[in-house]
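The values are calculated or read from the model by the stated rules, or taken from the named source; none is laboratory data. Since the model is a prediction, treat every value here as computed from it, not as a measurement. Every residue, glycine as well, gets a Cβ built from its backbone with ideal geometry; the counts of neighbours run over all protein chains shown.
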Amino acid sequence: MKNYKIRPAFRSFQIEYAIRDLVEASIEAKRAGKDLIYLNIGDPVKYGFETPLSIIEVVCKAIKENYNSYSESCGIPEAIEAIKNYAIKKGINPVDIYITQGASEAIEFAIAALVNPEESLLLPCPCYPLYQAIVSKFRINPQFYFMNENKNWDIDIDSIERLIDKRTRGIVIINPNNPTGAIYSKEVLAEIVEIAKKYNLVIFSDEIYDQYILEDNVEHVSIAALSDEVPVVTFNGLSKNYFAPGFRIGWGIISGPKEILEDYIEAIHRFARTRLCAPHPLQFAIPVALKNENHYLKEVLEKLKKRRDLLIDGLNKIPFISCVKPLGTFYAFPRLEIPGINDLDFVKRLILEEGVVVVHGSGFGQKPGTNHFRIIFLPEEKVLLEALERIERLIKKLVS
């Protein structure tokens, strides 16, 4: 056994997760005595935003009342009913709802239950890295459509249809978008519905940031609300809107023609049964959260608007950086145009030399020939101002 080495499965070599893959550089910077500013992970709780007491209390009550057994595989009835009512308010007509360990599990179940190895799934570019990890794990062929940076990161509809062939099974949209902060118009979403209808595609709509709308004149529209003729799986959860990422509670809402969805729904349920259930007592947070909606989020959004404006204005004043103002979420995706420096090199140097932790744009995918990085604006203004100073200092050093 001395010379024997365990060989990992091939699928593990294809999986990358850019947001956490820069940990080594962060550790090295910390060892070197750098005071680190973390602007890489979208966890509101890490930046002082607290989980609502009403949610905590109902979970504690459920634990004390011994709701600590396995629950139904797809979720407890009270939570499913609350999600159904929330969906109807958004204009969605649910055919099925399933509750999962975070929205990420809901996404994985929906994709794995539909797309076979070597078949194709349309993904946005840039894209939240979870999707690249899932398609790699299941040997699915990703086909990337672009978003137009010159038009507020709106979807480039013309880049979608040319990617579709007989192996294409579905299309992913992230709305509001991570990493760009874009919110898609009703008109663009309607065009995607028509494409899905024309080619018999399932739409996967990630709407985990649907309450993070930072402009009064902008509305978030659920694509599933635009048509009952197209199958849509809409994803959401407690992590962002309800400041409970550690609860790991998410869900999928399936809508569309029931008669063509029955076998697909059963396939998703099979995946749900294999892991038994989402955390039972934590599911009791769903009805309380959705009933209260976002009354506590309104104050947060006012803070985030100020922080966003400070960050975007500051970035756009730094030479060799430009940034489209995000309309939602708490992310921005600035563009770098430093001669001879790619995004990964820039991010590593920013961490090691200045102690500012952001994520390289290539970890999300980006249009060939461009360089970006993702940055969050959850921290207080003074932290963002310090980060801007450090970013500018590094760029001056790089171009001198």
Please verify whether E118 is outside the structural domain of L350 (by TED's automatic domain parsing) and touching a residue at least 60 places away in the same chain (Cβ under 8 Å), treating the condition exactly as stated.
no
Taking the stretch 158-202 on its own, how many of its residues are among the polar types (S, T, N, Q) and under 15 Å from L114 (Cβ atoms)?
2
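Yes or no, residue by residue, for (1) of a type in the set (S, T, Y); (2) touching a helix residue (DSSP H, G or I) at 6+ places or on another chain (Cβ under 9 Å); (3) surrounded by fewer than 23 Cβ atoms within 10 Å (Cβ to Cβ); (4) more than 24 Å from G102 (Cα to Cα):
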site: E194; (1), (2), (3), (4): no, no, yes, yes
site: K197; (1), (2), (3), (4): no, no, yes, yes
site: D216; (1), (2), (3), (4): no, no, yes, yes
site: A224; (1), (2), (3), (4): no, yes, no, no
site: V233; (1), (2), (3), (4): no, yes, no, no
site: N241; (1), (2), (3), (4): no, yes, yes, no
site: I249; (1), (2), (3), (4): no, yes, no, no
site: D263; (1), (2), (3), (4): no, no, yes, no
site: E266; (1), (2), (3), (4): no, no, yes, no
Which of the helices (runs of 4 or more DSSP H) found entirely inside the stretch 265-357 contain at least 3 residues meeting this: in contact with a Pro (Cβ under 9 Å, 6 or more places away or on another chain)?
285-292, 297-317
Could you run through the stretch 92-132 and say how many residues are small (G, A, S), under 21 Å from V193 (Cα atoms) and assigned to a helix (DSSP H, G or I)?
1
Quick test for you: out of I253, I286, pick the one residue that is in contact with a Ser or Thr (Cβ under 9 Å, 6 or more places away or on another chain) and crowded, with 18+ Cβ neighbours inside 10 Å.
I253
Residue, farthest from L114 (Cα to Cα), within the stretch 133-156, restricted to residues that are touching a residue at least 24 places away in the same chain (Cβ under 8 Å) and assigned to a helix (DSSP H, G or I)
E149
Taking into account only those residues within the stretch 56-85 that are assigned to a loop (DSSP other than H, G, I, E, B) and among the acidic types (D, E), which is modelled with the lowest pLDDT?
E72
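Okay, residues lined up against (1) without any contact (Cβ under 8 Å) to a residue 60 or more places away in the chain; (2) closer than 20 Å to P126 by Cβ; (3) out of contact with any Ser or Thr (no Cβ under 9 Å at 6 or more places or on another chain):
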residue: F320; (1), (2), (3): no, yes, yes
residue: P326; (1), (2), (3): no, yes, no
residue: K348; (1), (2), (3): no, yes, yes
residue: S362; (1), (2), (3): no, yes, yes
residue: E381; (1), (2), (3): no, no, yes
residue: L384; (1), (2), (3): no, no, yes
residue: R390; (1), (2), (3): no, no, yes
Name the single residue that is surrounded by the fewest Cβ atoms within 10 Å (Cβ to Cβ) among those in the stretch 149-163 being among the polar types (S, T, N, Q) and under 17 Å from I183 (Cβ atoms).
N150
Filter result for the condition that a residue is touching a strand residue (DSSP E or B) at 6+ places or on another chain (Cβ under 6 Å), crowded, with 16+ Cβ neighbours inside 10 Å and over 16 Å from I318 (Cα atoms), over L378, L344, L350
L344
Checked I183, I164, I195, I174 against criteria (assigned by TED's automatic domain parsing to the domain that holds A103, modelled with pLDDT of 95 or more, in contact with a Cys (Cβ under 8 Å, 6 or more places away or on another chain) and of a type outside the set (S, T, Y)); the one match is I174
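The rows are residues; the columns are (1) part of a helix (DSSP H, G or I); (2) under 16 Å from P326 (Cα atoms); (3) small (G, A, S).
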{"site": "N178", "(1), (2), (3)": "no, yes, no"}
{"site": "V188", "(1), (2), (3)": "yes, no, no"}
{"site": "E194", "(1), (2), (3)": "yes, no, no"}
{"site": "I203", "(1), (2), (3)": "no, no, no"}
Counting just the residues of the stretch 299-324 that are surrounded by fewer than 18 Cβ atoms within 10 Å (Cβ to Cβ) and charged (D, E, K, R), which one comes out farthest from the chain's Cα centre (by Cα)?
K317
